[in-house]
Amino acid sequence: MPFLEQTGARIYYETDGSPSAPALLLIHAGIANLRMWDPQVEELATTHFVIRFDTRGYGLTESQDVLFSNRSDAIAVLDEVGVSRATFIGCSRGGSIAIDTALEFPERVAGLVTIASGPSGHPQIELTDREEELFTALDAAEETGDWEQLLRLEAELWDFGPRRTADDLDPAFVRRAYELNLANLVRVDEAPVPIPLDPPAYGRLGDIHVPSLFVVGEHDITPAVVQYEYLLSAVHDAAGIRYPDAAHIPSVEHPERMTADLVMWLESNGL
């Protein structure tokens, strides 16, 4: 298995497709790991060089408790596989990392896709009563150190959405949502400290001048939907897609549709 030795970490990554093809860097959500992209990789790799990695604290990546930059880790992965420029595709915190990287390393980012993401530094958004209730349950599990329960509750809040339950969803998707987050249980004792972008991305999005696509699910939490609207308004000539039947990870809940949308957008922008 390929690992990149980076300061304080062994970063696990995978590649698919021809290295001579246009590159895509896939960055997973904080409720998953690089396996969340499995449904997309085969088709994307027919026309692109697909790169994905487990960020620190997730999946097979091993990290010491050190200061680090998520942006620099992403660039280090590109360097490791010999890619000078890629379209960044990130979900949730992965999308936030992609946005930050586009601002810090604009010469390395050819295009930008975020799913259920917001820019770093976005002002706090008021939650609904139901959302507050669900986040309180997360806090309680964390306080008691019940990490397995915390990861299950995270999947239910983010993947199902605050207005849906497991009974409303495809059982196969429910199983996959739990699996993707519970795989991170082995990393709960690691505490790497990410260095934030300074200044943060909020208020600077006019500096992004690459083709951009922003995606959100209608069943996501309130902040994700508000931040989606902000991204669309702040980034030049950005396109948007709203999934009426998804929450935080439409690429997992509706993989064929998400893959088709990605392929169409990449083709239309020559990426």
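All of the numbers you see were taken from the coordinates with simple rules; none came from a lab. For clarity, every value in this text was computed on a predicted model and none was experimentally measured. Glycine gets a Cβ as well: all are built from the backbone with ideal geometry, and neighbour counts include every protein chain shown.
Cβ contacts < 6 Å: first residue more than 10 Å from I51 (Cβ to Cβ), restricted to the stretch 5-19; second residue β-branched (V, I, T), any location; separation 6+ or different chain. Result?
What qualifies is G8/V66; I11/T61; Y12/T61.
Among the residues in the stretch 66-89, are any over 30 Å from S20 (Cβ atoms), touching a residue at least 24 places away in the same chain (Cβ under 8 Å) and among the polar types (S, T, N, Q)?
Scanning the stretch 66-89 turns up no residue that is over 30 Å from S20 (Cβ atoms), touching a residue at least 24 places away in the same chain (Cβ under 8 Å) and among the polar types (S, T, N, Q).
Out of D245, D261, I need the residue that is touching a strand residue (DSSP E or B) at 6+ places or on another chain (Cβ under 9 Å) and surrounded by 15 or more Cβ atoms within 10 Å (Cβ to Cβ). Which one?
Selected residue: D261, the only one of D245, D261 that is touching a strand residue (DSSP E or B) at 6+ places or on another chain (Cβ under 9 Å) and surrounded by 15 or more Cβ atoms within 10 Å (Cβ to Cβ).
Exactly one of (1) over 21 Å from S117 (Cβ atoms); (2) free of Cβ contacts under 8 Å to residues at least 60 places away in the same chain is unmet by V41. Its number?
(1)
Tell me the helices (runs of 4 or more DSSP H) entirely within the stretch 152-270 that contain at least 1 residues that are over 23 Å from P39 (Cβ atoms) and not small (G, A, S).
222-234
So is S92 on the phi > 0 side of the Ramachandran plot and out of contact with any Lys or Arg (no Cβ under 6 Å at 6 or more places or on another chain) or not?
Values: on the phi > 0 side of the Ramachandran plot: yes; out of contact with any Lys or Arg (no Cβ under 6 Å at 6 or more places or on another chain): yes.
For S92, the condition - on the phi > 0 side of the Ramachandran plot and out of contact with any Lys or Arg (no Cβ under 6 Å at 6 or more places or on another chain) - is met.
Which numbered condition in (1) at positive phi; (2) touching a residue at least 60 places away in the same chain (Cβ under 8 Å) is the only one that D237 fails?
(2)
Can you find, within the stretch 214-233, the residue that is farthest from F88 (Cα to Cα) among those that are crowded, with 19+ Cβ neighbours inside 10 Å and touching a Leu at 6+ places or on another chain (Cβ under 8 Å)?
So the residue we want is I221.
I'd like the full set of residues that are assigned to a strand (DSSP E or B) and among the aliphatic types (A, V, I, L, M), limited to the stretch 71-117.
Passing the criteria: A86, I89, V109, A110, L112, V113, I115.
Report, by residue number, each residue of the stretch 40-56 that is buried (at least 19 other Cβ atoms within 10 Å of the Cβ) and closer than 19 Å to P2 by Cβ.
Passing the criteria: V41, L44, H48, F49, V50, I51, R52, F53, D54, T55, R56.
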